[in-house]
1. Against the definition (open to solvent by less than 50 Å² (accessible area, probe 1.4 Å) and either farther than 19 Å from Leu20 by Cα or part of a helix (DSSP H, G or I) (or both)), how does Asp73 come out, yes or no?
2. Do you know which residues across the stretch 164-209 are under 16 Å from Val239 (Cβ atoms), within 18 Å of the chain's Cα centre (by Cα) and not in a strand (DSSP E or B)?
3. How do the pairs read when you match residues in the stretch 301-316 that are under 11 Å from Tyr283 (Cβ atoms) and in a loop (DSSP other than H, G, I, E, B) with residues anywhere that are among the polar types (S, T, N, Q) and open to solvent by 90 Å² or more (accessible area, probe 1.4 Å), using Cβ under 9 Å and keeping only pairs 6 or more apart or on different chains?
4. Check whether at least one residue in the stretch 49-59 is polar (S, T, N, Q), closer than 30 Å to Pro116 by Cβ and outside any helix (DSSP H, G or I), and report yes or no.
5. Kindly provide the set of residues from the stretch 267-283 that are modelled with pLDDT under 95 and either open to solvent by less than 70 Å² (accessible area, probe 1.4 Å) or more than 25 Å from Val204 (Cα to Cα) (or both), ordered by number.
6. If Val232 passes every condition in (1) in contact (Cβ under 8 Å) with a residue 24 or more places away in the chain; (2) buried (at least 19 other Cβ atoms within 10 Å of the Cβ); (3) in contact with a Gly (Cβ under 8 Å, 6 or more places away or on another chain); (4) more than 20 Å from Leu263 (Cα to Cα) but one, which one does it miss?
7. For the stretch 19-44, which residues satisfy the criterion of being closer than 16 Å to Ala82 by Cβ and of a type in the set (Phe, Trp, Tyr)?
8. Only one residue in Thr314, Thr296 is over 18 Å from Gln267 (Cα atoms) and surrounded by 15 or more Cβ atoms within 10 Å (Cβ to Cβ). Which one?
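The values are calculated or read from the model by the stated rules, or taken from the named source; none is laboratory data. Because the structure is a prediction, the values reported are computed rather than measured. Backbone-built Cβ (ideal geometry, glycine too); neighbour counts: all protein chains shown. Each accessible area value is taken on the protein alone, full model and side chains, heavy atoms only, with ligands, DNA and RNA left out. Shrake-Rupley method; radii C 1.70, N 1.55, O 1.52, S 1.80 Å.
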Amino acid sequence: MKLLDIAGQLGCRLEGDGELEISGVAGMEHAGPGQLTFLANPKYAPKVKHTKASAVLVSEALSGQPIACLVSDNPYLDFARALALFYQPPTPAVGIHPLAWVAPTAVIGENCSIGPFAAVGERARLGRNAVLHSHVVIYEGAHIGDDFLAHSHAVVREFCRVGHRVILQNGVVVGGDGFGFAKRADGTHFKIVQSGVTVIEDDVEVQSLTSVDRATVGETRIKRGAKIDSLVQVGHACVVGEDNIICAQTGLAGSTVLERDVLLAGQVGSSGHLTVHEGAIVYAQSGIGGDVEPRTRISGSPAFPANEWLRAITAFPKLPDLLKTIRELKKKVDELEQNAKRNTTT
């Protein structure tokens, strides 16, 4: 593909030879001749002179550099769009594989692809262009929108609802039972029926081996545009807000509410029955024990404001020396007090 054509499709301004043939995209250190790379942060501009790429996506044209440039308002985003121009994952053939099972009462939309050993239960509904790879299971009564993509071993449980353009990576479970038990008088546990559902809105992606539990009553809801990483646990009756980013190994206890544009870094834990308000950022390995104010940043376990946490963690390695100093000061104060008492007595 000519660089001029790429510029047109991405809406970028071309600086340099538009007739260059581009065969693919790569990071700056690994790109070779005939490839397009990107520079998202201008402070790394000196690295451009060492790249072997034929062209670079930048936020502003580079002076004194022989490399062709595509000038973009968002080089990282346009690099991602350029990737999509060159890499398309395999597209399964439209139709139901002979080794798949689809219940007679299921409703299958146009142009769906259902792979070998996939199963679609009674009264389930699939929208148009759905792709179910091998071993995907859609339980009875589940309703799924258009352009759904489920990779092998993903599961959508009974009566759950999934919107349009949703992607489930390998091993995702939507609507598994919430963790609910009532304790009997003898100490044994009675399983509480998880009668609610899980609702996944449009344009959500859930990465591998993540579980989004169904509610005891009511619903668990993942709102439009949320992106959930691998190995995440979303407990029953949680709400994950619009455009949230939830990173790997995060766990949300039941009835946690995340408002829009929340970011939870890796290994964050929530104690449940709390709200993380709009625009908040929770740093990695933080433990959320209460509500988080809008557009704040918190860290630590238990978590508290990130700027205070940074000061606290800086002081932490110095605590032994500080303790030693305090003890020495206390000893001197005690000596002064004893001297003062002696002087008063005499």
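1. Taking the combined requirement at face value, the residue does not satisfy it.
2. Selection gives Glu201, Asp202, Val204.
3. Listed pairs, sorted by first residue: Ser301/Gln285.
4. Looking for residues that are polar (S, T, N, Q), closer than 30 Å to Pro116 by Cβ and outside any helix (DSSP H, G or I), one finds none in the stretch 49-59, hence no.
5. Residue satisfying the conditions is Gly272 alone.
6. (4)
7. Once the filter is applied, which keeps residues that are closer than 16 Å to Ala82 by Cβ and of a type in the set (Phe, Trp, Tyr), the stretch 19-44 yields only Phe38.
8. When all the criteria are applied, what remains is Thr296.
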